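Each remark here refers to the structure printed beneath this line.
The values are calculated or read from the model by the stated rules, or taken from the named source; none is laboratory data. For clarity, every value in this text was computed on a predicted model and none was experimentally measured. Don't worry about glycine lacking a Cβ; one is built from the backbone with ideal geometry, like all the others, and counts go over all protein chains shown. The protein model used for the area step is the full one, side chains on, heavy atoms only, and it has no ligands, DNA or RNA in it. Shrake-Rupley method; radii C 1.70, N 1.55, O 1.52, S 1.80 Å.
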Amino acid sequence: MNTIYPYNNKTKFIIVTGGVISGLGKGVAAASIGALLSDRLKVVPVKCDGYLNTDPGTMNPTEHGEVYVLDDGGEVDMDFGHYERFLNVTAKKDWSLTMGRVFKMILEKERRGDYLGHTVQFIPHVTNLIKDHFYRIADQEKADVLLIEIGGTIGDLENQFYVEAVRQLSHEVGPQNALFVHLTYVPIPSGVNEQKSKPTQMSVRDLNERGIYPEIVIGRCEEYIKPHLKEKIGLFCNLPASHVVSGVDVKHVYEVPLVYDKEGVPEILSKRLGIYAPPRLDQWSKLVESLKRNQVTPRKTLTVAICGKYMALEDSYASVVEAINHASAHLDLRAEIRWVDTEKIEKGSITVEKALKGVDAVIVPGGFGSRGIEGKIQVIQYVRENKIPFLGICYGMQLSVVEFARHVCGMQGAGTIEMESENYHVEVPVIAYLPGQEKIKDMGATMRLGGHDVLIKSNTRAAEIYAGTATRERFRHRYEVNPQFVSQIEAGDPTGKNTQKLVFSGKASGEDIMQIMELTDHPYFMACQFHPELKSSLIYPAPLFLNLLKAADEKE
Ligand code: GLN
């Protein structure tokens, strides 16, 4: 029942906890710390969540934000988006731990007889299992740094076992190999108008009660933390003032590593853990400068409409928004997002002309179910006919095929099987189940998920955009373009009146799955079955987004 310690003896553990309130951006804080090290060291992020779902794949995006999909098919928390974007790593599903997963593993072990003769208990069995998980990943990945983010706020009951596990871990590996970072909140109450340290003191005390002594305290605040307040927090938390870091509010998350760098975080980590890794942030800073400059004095402002149904929570499309930001930084322009609720268009409470008035580019992102989709189809028809630069993602591609089939190929009754219900029959299923999917009953992790190769047809727009014949992208879908109708759709208007053609310019390798489509006679009409936003980063913007904005920029 012992842990597998000693591990490789090489990995350093940086553990990030949060206090006072939730929503302070612990994921961004942890990713930013990682970004300061990942240039020269192998940093592996691990996220621990307290909820009982095995993974967030079955949660509604309005409840939990976007479901992030990894190359290995893992459906994980959107914080992994920050990790991949900031650390330039390809994360694995094993790096995401939920209490649901922890208990599942414990119960499997118990049934297997691993604990035979013993009473299975929270301590030591659950805590050991969590620790073993950390040590195993550190070992397997030969990580220089294991960056562990504990979800929630210190004191939350559901995260207690993680907290106890990392306390034990820090004791086992010794102080030279582990360091705790605590993110708190420094409010400036209105009327009082001064930075207040008490919530931070209380929250650190909460941690201390659990046997954890953070060595870096990051105070989220509207302003840089004043020197006297750093002294005061330091005094109450047994820290030099230099270990109290300003987590000042910034406009773009990409500024956070630059702030931490300025506040001296790399030096503290280097001194405390004996890791020398001065960050190289030149290109990163240049792009952040472009984002900031264009916020104030834009070279040009483009309005990009995102048309979907989860409009209640912008977090549902977090990576789409980030991909737009990345592209705009490279093109030295400001992209303003307009959220368009396609359900309103469908119900007729706003016309498509009005909803899209003055937009420079349109995105129809991924989605599920039949709500709002006729509105999306109206949007797609409008941008096709009015030559507005367009990117359709996943459901956005499937509905682009439906729209083209209905309005150009004359295939009345074209639709997706996803619309089928007791009251609605899809006569011409141009979008159908992927092979084998119709029999699946379980909802968790059953779609076609993760990274797949995309073979690109030569002499197409896609070949130009990707500058090559193949790429790898991330997928999450249950339906696909029905191979039976591909040639009929590519043939276009049977009367020959409309000369516009739809070309399937990207396909799966070895399978008949359409993965990219494009239209001729249009400045930019691209759609893809995958989620290009999941592979976009500040330094390497996703080509389909970059070229969407480029087309919009060049249009006038
Ligand atoms: N609902 C569609 C499918 O399952 C599209 C999925 C998506 O947009 N991620 O195929």
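Looking across region 214-238, the residues that are more than 21 Å from LYS26 (Cα to Cα) and open to solvent by 20 Å² or more (accessible area, probe 1.4 Å) come down to LYS226, PRO227, HIS228, GLU231, LYS232, LEU235, PHE236, ASN238. Taking every residue in region 347-369 that is touching a residue at least 60 places away in the same chain (Cβ under 8 Å) and pairing it with any residue that is open to solvent by 10 Å² or more (accessible area, probe 1.4 Å) and away from the ligand (no atom under 16 Å from the Cβ), at least 6 positions away or on another chain, the pairs with Cβ-Cβ distances below 6 Å are ASP360/THR303.
Of everything in region 354-369, what is more than 10 Å from the ligand (Cβ to nearest atom) and in contact with a strand residue (DSSP E or B) (Cβ under 9 Å, 6 or more places away or on another chain)? Give them in sequence order. If the condition is that a residue be more than 10 Å from the ligand (Cβ to nearest atom) and in contact with a strand residue (DSSP E or B) (Cβ under 9 Å, 6 or more places away or on another chain), then ALA355, LEU356, GLY358, VAL359, ASP360, ALA361, VAL362, ILE363 are the ones that fit. For region 25-61, the tally of residues that are assigned to a helix (DSSP H, G or I) and at pLDDT 90 or above stands at 10. For region 433-447, the criterion of being more than 15 Å from the ligand (Cβ to nearest atom), surrounded by fewer than 18 Cβ atoms within 10 Å (Cβ to Cβ) and of a type in the set (Phe, Trp, Tyr) is met by no residue.
With VAL426, VAL401, VAL430 as the choices, which residue is within 16 Å of the ligand (Cβ to nearest atom), crowded, with 18+ Cβ neighbours inside 10 Å and assigned to a loop (DSSP other than H, G, I, E, B)?
On the way: VAL401 fails: assigned to a loop (DSSP other than H, G, I, E, B); VAL430 fails: assigned to a loop (DSSP other than H, G, I, E, B).
The conditions single out VAL426.
Checking each residue in region 189-219 for being β-branched (Val, Ile, Thr), within 19 Å of ASP249 (Cβ to Cβ) and at pLDDT 95 or above picks out THR200, ILE216, VAL217, ILE218. Taking region 318-370 as the region of interest, the helices (runs of 4 or more DSSP H) fully inside it that hold 3 or more residues being at pLDDT 95 or above are 318-331, 352-355.
Could you list, in sequence order, all residues of region 150-173 that are farther than 21 Å from ASN53 by Cα, surrounded by fewer than 23 Cβ atoms within 10 Å (Cβ to Cβ) and not acidic (Asp, Glu)? Passing the criteria: ARG167, GLN168, SER170, HIS171, VAL173.
Residue check: VAL383 meets all listed conditions (1) within 16 Å of the ligand (Cβ to nearest atom); (2) surrounded by 21 or more Cβ atoms within 10 Å (Cβ to Cβ) but one, namely (1).
Could you go through region 415-422 and let me know if any residue there is among the charged types (D, E, K, R) and within 16 Å of the ligand (Cβ to nearest atom). Checking region 415-422: at least one residue is among the charged types (D, E, K, R) and within 16 Å of the ligand (Cβ to nearest atom). Restricting region 91-135 to residues that are in a loop (DSSP other than H, G, I, E, B) and touching a residue at least 40 places away in the same chain (Cβ under 8 Å), the residue that is surrounded by the most Cβ atoms within 10 Å (Cβ to Cβ) is ALA91. Of the residues making up region 336-355, those that are open to solvent by less than 20 Å² (accessible area, probe 1.4 Å) and under 21 Å from CYS528 (Cβ atoms) are VAL340, THR342.
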